[in-house]
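Structure record follows, encoded as structure tokens.
The values are calculated or read from the model by the stated rules, or taken from the named source; none is laboratory data. Since this is a predicted model, take the numbers as computed values, not measurements. Glycine gets a Cβ as well: all are built from the backbone with ideal geometry, and neighbour counts include every protein chain shown. Calculation scope for accessible area: heavy atoms of the full protein, side chains included, ligands and nucleic acids excluded. Shrake-Rupley method; radii C 1.70, N 1.55, O 1.52, S 1.80 Å.
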Amino acid sequence: MEYTHKPVLLRPCLDGLNIRPDGIYVDGTLGRAGHSLEIAKRLTTGRLIAVDRDEAALDAAPARLEGHMDKVTLVRGNFGGLNAILSRLNVDGVDGMLFDLGVSSPQLDDGSRGFSYLQDAPLDMRMDQSAPLTAQDVVNGWSQEELKRILRQYGEERYSGLIAAAIVRERGQAPIETTGQLAEIIRDAMPAKARKEKQHPAKRSFQAIRIAVNDELGEVERLLDGVLDVLNPGGRIAIISFHSLEDRLVKTAYAGWAKGCTCPPDFPVCVCGKTPKVRLVGKRPIVADGEELDDNPRARSAKLRVAEKL
């Protein structure tokens, strides 16, 4: 299957990374290599380490990066384990990192992967298809309370209780096996007024289940916990998030790195001795402009935050 892929916020990402031709860079979410290709084009003696948990992304990368593979190292893994990946490669530090936290367009567009509520397919939703947990496991095996929690927390779904109850009721009759079945159950569980909203009734619930299946927020937390340790002074980290939960984690981490001192506000002098670790590049997140939105509607919810290590 051929896919149309448009990297989100491409120009702001490249500007934000401030790429040096001889630098070492990481694309921690290779996807269909849209960002990776443009980074590699700007390297001469430098190196790009491109990471993805999806084997399909890695298989497609050599063709998409044709002419630049001599500057690229492909790695299968999760960006939450980036420090360990770089250690295995004997890389002590890098000059820039990019992470696009959204699910990739090919994953959404390939109905067989089970990410989309618009195409009927087996309930899967795994970014790494060798991972043991699937959406079918979550939908049919997790308790009603746990389903309600993830729908509310990860999907910010107002009707999480009604939907969780409906899922448990339906699976009591027969296992829920396809995206089409699940989307219909979600739609039928919601009040009539909610079904008339602009977005699809199942959108928030599918997002929540996908996040749970792939432990997406856990991966972001693990990334942020140690990523500065492998970023060289003067190097930059650029992160694109697509929903408020991810962006909140990134924003909070950046603010903490930039603040430094953790003493209570009423202390007359600093006693913790902590100093800022980064300089924020821009006070507000970068979002897509009108031209990009016309060309790529999937960029609508994207937010890019950039910081430079001091």
**Message:** Leaving out ligands, DNA and RNA, and with a 1.4 Å probe, what % of the accessible surface on the chain is carbon or sulfur?
**Reply:** 49
**Asked** Against the longest principal axis of the chain, how steep is helix 55-64, in degrees 0 to 90 to the nearest 10, with axes from Cα atoms?
**Response** 50
**Prompt:** Counting DSSP beta bridges with both partners in the chain, what percentage is antiparallel, nearest 5?
**Reply:** 40
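For a test of the definition: using alpha carbon positions, the gyration tensor, and the 1.5 limit on a/c, classify segment 8-99 as rounded, prolate or oblate. Don't jump to the answer; show the numbers that get you there.
Details: a/c = 1.32, a/b = 1.08, b/c = 1.22.
In terms of gyration-tensor shape, rounded.
Find the relative contact order for segment 59-191 and round it to a whole percent, using C-alpha pairs within less than 8 Å whose residues are 6+ positions apart.
Details: 111 pairs, mean separation 24.3, N = 133.
Over segment 59-191, the number comes to 18 percent.
Using Cα pairs closer than 8 Å and at least 6 residues apart in sequence, work out the relative contact order for segment 1-119, in percent. Mind showing how you got there, number by number?
Values: 175 pairs, mean separation 34.8, N = 119.
Rounded, it is 29 percent for segment 1-119.
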**Prompt:** What share of all Cα pairs of the chain, in percent, falls into each consecutive 10 Å distance bin?
**Reply:** 6, 25, 31, 22, 12, 3, 0
**Asked** Once amide H atoms are placed 1.01 Å from N in the peptide plane, what residues at a sequence separation of 5 or more from VAL26, or on another chain, have their amide H within under 5 Å of its amide H?
**Response** ILE49, GLY96, MET97, LEU98
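Counting only heavy atoms of protein chains, what accessible area per residue, in Å², does segment 23-147 have with a probe of 1.4 Å? Could the numbers behind the result be given before it?
Values: 4940 Å² over 125 residues.
Using a 1.4 Å probe on heavy atoms only, each residue of segment 23-147 averages 40 Å².
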**Prompt:** Which of the peptides 70-78, 94-102, 192-200 is most tightly packed, and how do the rest follow, going by the mean number of other Cβ atoms within 10 Å of each residue?
**Reply:** 94-102, 70-78, 192-200
**Request:** With only Lys, Arg, Asp and Glu charged, each at its Cβ (+1 for the first two, -1 for the last two), find how big the charge dipole of the chain is about the Cα centre; round to the nearest 20 debye.
**Result:** 1020
**Fill in**
In whole percent, the Cα-Cα distances of segment 6-164 spread across 10 Å bins from 0 upward as 10, 33, 30, 18, 8, 1
